[in-house]
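**Student:** Starting off with a structure, shown below.
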Amino acid sequence: TSSTGEESFPRFSPDGRTIAYTASYRGNADVYTIPVSGGLPARLTWNAMTDRVVDWHPNGNQILMASQREMGVGSVNQLYLLSKNGGLPEKLALPYGELGSFSQDGENIAYVSKITENYPFKRYRGGLTSDVVVFNLKKLTAENITSNTAADGKPAWVKNKIYYVSDIDKNKRRNIWVYDVTAKTRTQLTQFDD
(Lines give C-alpha, C1' and ligand atoms only; values in the text may rest on other atoms or scores of the structure.)
Protein backbone atom coordinates (compact mmCIF):
# COMPACT_ATOMS: atom_id res chain seq x y z
CA THR A 1 0.00 0.00 0.00
CA SER A 2 1.09 3.58 -0.43
CA SER A 3 -1.71 5.66 1.05
CA THR A 4 -1.13 8.52 3.46
CA GLY A 5 -3.84 7.04 5.72
CA GLU A 6 -2.97 4.94 8.76
CA GLU A 7 -2.83 1.19 8.07
CA SER A 8 -2.60 -1.43 10.84
CA PHE A 9 -3.40 -4.98 11.99
CA PRO A 10 -2.37 -6.80 8.77
CA ARG A 11 -3.26 -10.52 8.70
CA PHE A 12 -2.51 -13.12 6.02
CA SER A 13 -5.39 -15.25 4.78
CA PRO A 14 -4.99 -19.00 5.46
CA ASP A 15 -3.96 -19.59 1.83
CA GLY A 16 -1.42 -16.75 2.01
CA ARG A 17 -2.83 -14.92 -1.02
CA THR A 18 -4.67 -12.02 0.62
CA ILE A 19 -3.94 -9.57 3.42
CA ALA A 20 -6.80 -8.19 5.50
CA TYR A 21 -5.98 -4.98 7.36
CA THR A 22 -7.47 -1.93 9.03
CA ALA A 23 -7.08 1.45 7.38
CA SER A 24 -8.22 5.02 7.96
CA TYR A 25 -8.34 6.35 4.44
CA ARG A 26 -11.38 8.59 4.84
CA GLY A 27 -11.30 9.59 8.49
CA ASN A 28 -12.61 6.32 9.92
CA ALA A 29 -11.02 2.90 10.48
CA ASP A 30 -12.52 0.20 8.23
CA VAL A 31 -11.59 -3.31 7.05
CA TYR A 32 -9.79 -3.69 3.73
CA THR A 33 -8.19 -6.55 1.80
CA ILE A 34 -5.44 -6.50 -0.78
CA PRO A 35 -3.77 -9.27 -2.78
CA VAL A 36 -0.28 -10.20 -1.55
CA SER A 37 0.98 -9.39 -5.04
CA GLY A 38 -0.30 -5.81 -4.69
CA GLY A 39 -3.07 -3.92 -6.40
CA LEU A 40 -6.05 -1.88 -5.31
CA PRO A 41 -7.40 -2.34 -1.77
CA ALA A 42 -10.99 -3.54 -1.47
CA ARG A 43 -13.01 -1.83 1.25
CA LEU A 44 -15.23 -4.31 3.13
CA THR A 45 -16.87 -2.22 5.87
CA TRP A 46 -18.62 1.14 5.74
CA ASN A 47 -19.74 1.74 9.32
CA ALA A 48 -19.31 5.08 11.10
CA MET A 49 -17.70 3.31 14.08
CA THR A 50 -14.22 1.78 14.06
CA ASP A 51 -13.90 -1.68 12.48
CA ARG A 52 -10.57 -3.42 13.25
CA VAL A 53 -9.17 -6.61 11.74
CA VAL A 54 -8.41 -9.29 14.32
CA ASP A 55 -7.71 -12.45 12.30
CA TRP A 56 -9.00 -14.73 9.55
CA HIS A 57 -11.39 -17.60 10.19
CA PRO A 58 -9.66 -20.92 9.34
CA ASN A 59 -12.11 -21.45 6.45
CA GLY A 60 -10.46 -18.52 4.64
CA ASN A 61 -13.83 -17.07 3.70
CA GLN A 62 -14.39 -14.82 6.72
CA ILE A 63 -12.45 -12.20 8.65
CA LEU A 64 -12.74 -11.80 12.40
CA MET A 65 -13.08 -8.13 13.30
CA ALA A 66 -13.66 -6.03 16.41
CA SER A 67 -16.14 -3.18 16.22
CA GLN A 68 -18.06 -0.71 18.35
CA ARG A 69 -20.89 -0.56 15.80
CA GLU A 70 -23.64 -1.85 18.14
CA MET A 71 -22.26 -0.78 21.51
CA GLY A 72 -23.05 2.90 21.74
CA VAL A 73 -19.92 3.20 23.89
CA GLY A 74 -16.69 4.31 22.26
CA SER A 75 -14.30 2.18 24.30
CA VAL A 76 -15.87 -1.30 24.08
CA ASN A 77 -15.73 -3.66 21.10
CA GLN A 78 -17.58 -6.81 20.10
CA LEU A 79 -16.34 -9.53 17.74
CA TYR A 80 -17.87 -10.12 14.30
CA LEU A 81 -17.30 -12.41 11.33
CA LEU A 82 -17.21 -10.59 8.01
CA SER A 83 -17.26 -12.22 4.58
CA LYS A 84 -14.03 -11.74 2.65
CA ASN A 85 -16.26 -10.16 -0.01
CA GLY A 86 -17.84 -7.66 2.39
CA GLY A 87 -21.50 -7.31 3.33
CA LEU A 88 -23.12 -7.24 6.75
CA PRO A 89 -20.98 -8.81 9.48
CA GLU A 90 -22.33 -11.50 11.82
CA LYS A 91 -21.91 -10.72 15.53
CA LEU A 92 -20.46 -13.55 17.61
CA ALA A 93 -22.29 -14.59 20.78
CA LEU A 94 -19.79 -12.86 23.08
CA PRO A 95 -20.55 -9.78 25.17
CA TYR A 96 -17.20 -8.09 24.45
CA GLY A 97 -14.07 -8.86 22.48
CA GLU A 98 -10.85 -7.23 21.39
CA LEU A 99 -8.43 -9.90 20.15
CA GLY A 100 -8.96 -13.56 19.34
CA SER A 101 -7.70 -16.64 17.54
CA PHE A 102 -9.65 -19.64 16.25
CA SER A 103 -9.04 -23.34 16.79
CA GLN A 104 -8.16 -25.19 13.57
CA ASP A 105 -11.74 -26.40 13.11
CA GLY A 106 -13.17 -22.92 13.74
CA GLU A 107 -15.51 -24.20 16.48
CA ASN A 108 -13.68 -22.43 19.33
CA ILE A 109 -12.09 -19.04 19.77
CA ALA A 110 -9.51 -17.97 22.35
CA TYR A 111 -10.18 -14.30 23.04
CA VAL A 112 -9.64 -11.38 25.40
CA SER A 113 -12.28 -8.80 26.23
CA LYS A 114 -9.75 -6.05 26.94
CA ILE A 115 -6.32 -5.18 25.57
CA THR A 116 -4.29 -4.73 28.74
CA GLU A 117 -0.84 -6.06 27.87
CA ASN A 118 -0.04 -2.75 26.16
CA TYR A 119 -0.75 -0.56 29.19
CA PRO A 120 2.04 2.00 29.74
CA PHE A 121 2.33 0.91 33.37
CA LYS A 122 3.71 -2.45 34.42
CA ARG A 123 2.84 -5.14 37.00
CA TYR A 124 -0.76 -3.95 37.23
CA ARG A 125 -3.03 -6.26 39.26
CA GLY A 126 -6.35 -4.40 39.30
CA GLY A 127 -9.78 -4.95 37.85
CA LEU A 128 -8.80 -3.91 34.32
CA THR A 129 -6.55 -6.90 33.65
CA SER A 130 -7.66 -9.40 31.03
CA ASP A 131 -7.83 -13.18 30.92
CA VAL A 132 -7.72 -15.49 27.94
CA VAL A 133 -11.09 -17.20 27.54
CA VAL A 134 -11.94 -20.10 25.23
CA PHE A 135 -15.45 -19.84 23.85
CA ASN A 136 -17.17 -22.73 22.05
CA LEU A 137 -19.21 -21.18 19.24
CA LYS A 138 -21.52 -24.21 18.88
CA LYS A 139 -22.21 -25.03 22.54
CA LEU A 140 -22.01 -21.36 23.62
CA THR A 141 -19.80 -22.24 26.59
CA ALA A 142 -16.82 -20.36 27.96
CA GLU A 143 -13.72 -21.46 29.88
CA ASN A 144 -11.27 -19.00 31.41
CA ILE A 145 -7.88 -20.66 30.79
CA THR A 146 -5.72 -18.11 32.64
CA SER A 147 -7.93 -16.97 35.54
CA ASN A 148 -5.36 -14.95 37.46
CA THR A 149 -4.65 -11.39 38.53
CA ALA A 150 -2.03 -10.81 35.81
CA ALA A 151 -2.52 -9.15 32.43
CA ASP A 152 -2.90 -11.95 29.87
CA GLY A 153 -3.38 -11.20 26.20
CA LYS A 154 -2.67 -11.59 22.48
CA PRO A 155 -3.87 -15.22 22.18
CA ALA A 156 -2.67 -17.20 19.15
CA TRP A 157 -4.15 -20.70 18.65
CA VAL A 158 -1.83 -23.14 16.84
CA LYS A 159 -2.94 -26.79 16.58
CA ASN A 160 -3.75 -27.82 20.20
CA LYS A 161 -1.85 -24.98 21.88
CA ILE A 162 -2.80 -21.41 22.72
CA TYR A 163 0.13 -19.00 22.99
CA TYR A 164 -0.33 -15.76 24.89
CA VAL A 165 1.54 -12.93 26.63
CA SER A 166 1.40 -12.74 30.43
CA ASP A 167 3.21 -11.07 33.33
CA ILE A 168 2.22 -13.78 35.83
CA ASP A 169 5.81 -14.96 36.41
CA LYS A 170 7.50 -14.36 39.78
CA ASN A 171 9.15 -11.11 38.59
CA LYS A 172 5.94 -9.86 36.94
CA ARG A 173 7.67 -9.52 33.56
CA ARG A 174 5.83 -9.99 30.27
CA ASN A 175 6.71 -13.30 28.68
CA ILE A 176 5.24 -15.77 26.23
CA TRP A 177 3.25 -18.61 27.75
CA VAL A 178 1.50 -21.59 26.19
CA TYR A 179 -1.67 -23.38 27.22
CA ASP A 180 -1.98 -27.01 26.12
CA VAL A 181 -5.65 -27.51 25.25
CA THR A 182 -5.49 -31.29 25.73
CA ALA A 183 -3.45 -31.43 28.96
CA LYS A 184 -4.95 -28.15 30.29
CA THR A 185 -1.51 -27.00 31.46
CA ARG A 186 0.22 -23.59 31.27
CA THR A 187 3.97 -23.31 30.61
CA GLN A 188 6.21 -20.26 30.47
CA LEU A 189 8.25 -20.29 27.22
CA THR A 190 10.42 -17.17 27.44
CA GLN A 191 12.40 -15.91 30.42
CA PHE A 192 12.77 -12.16 29.87
CA ASP A 193 13.90 -10.34 33.01
CA ASP A 194 13.74 -6.76 31.69
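**Student:** Could you grab me the full set of residues in the stretch 158-175 that are open to solvent by 70 Å² or more (accessible area, probe 1.4 Å), part of a strand (DSSP E or B) and free of Cβ contacts under 8 Å to residues at least 24 places away in the same chain?
**Tutor:** Hit for the stretch 158-175 is Val158, nothing else.
**Student:** Then there is this: Could you run through the stretch 134-156 and say how many residues are in a strand (DSSP E or B), open to solvent by less than 60 Å² (accessible area, probe 1.4 Å), out of contact with any Phe, Trp or Tyr (no Cβ under 6 Å at 6 or more places or on another chain) and at pLDDT 95 or above?
**Tutor:** Number of matching residues: 3.
Residues are listed down the side, and each one gets a yes or a no for (1) hydrophobic (A, V, I, L, M, F, W, C); (2) surrounded by fewer than 20 Cβ atoms within 10 Å (Cβ to Cβ):
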| residue | (1), (2) |
| --- | --- |
| Gly16 | no, yes |
| Asn28 | no, yes |
| Val53 | yes, no |
| His57 | no, yes |
| Met65 | yes, no |
| Lys84 | no, yes |
| Leu88 | yes, yes |
| Pro95 | no, yes |
| Asp105 | no, yes |
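**Student:** So, in the stretch 13-43, exactly how many residues are part of a loop (DSSP other than H, G, I, E, B) and either aromatic (Phe, Trp, Tyr) or within 18 Å of the chain's Cα centre (by Cα) (or both)?
**Tutor:** 4
**Student:** Determine, yes or no, whether Tyr119 is closer than 26 Å to Arg173 by Cα, touching a Leu at 6+ places or on another chain (Cβ under 9 Å) and surrounded by fewer than 20 Cβ atoms within 10 Å (Cβ to Cβ).
**Tutor:** Taking the combined requirement at face value, the residue satisfies it.
**Student:** Right, here's the next one. Conditions: (1) of a type outside the set (Gly, Ala, Ser); (2) in contact (Cβ under 8 Å) with a residue 24 or more places away in the chain; (3) under 17 Å from Tyr32 (Cα atoms). Phe102 meets all but one. Number of the miss?
**Tutor:** It is condition (3) that Phe102 fails.
**Student:** Filter the stretch 30-51 for residues that are at pLDDT 95 or above and of a type in the set (A, V, I, L, M); which is most open to solvent (accessible area, probe 1.4 Å)?
**Tutor:** Val36
The values are calculated or read from the model by the stated rules, or taken from the named source; none is laboratory data. Source: prediction; values computed, not measured. Positions of Cβ are generated from backbone atoms using ideal geometry, with glycine treated the same way; all protein chains shown enter the neighbour counts. The area values use the complete protein model at the heavy-atom level, side chains included, leaving out ligands, DNA and RNA. Shrake-Rupley method; radii C 1.70, N 1.55, O 1.52, S 1.80 Å.
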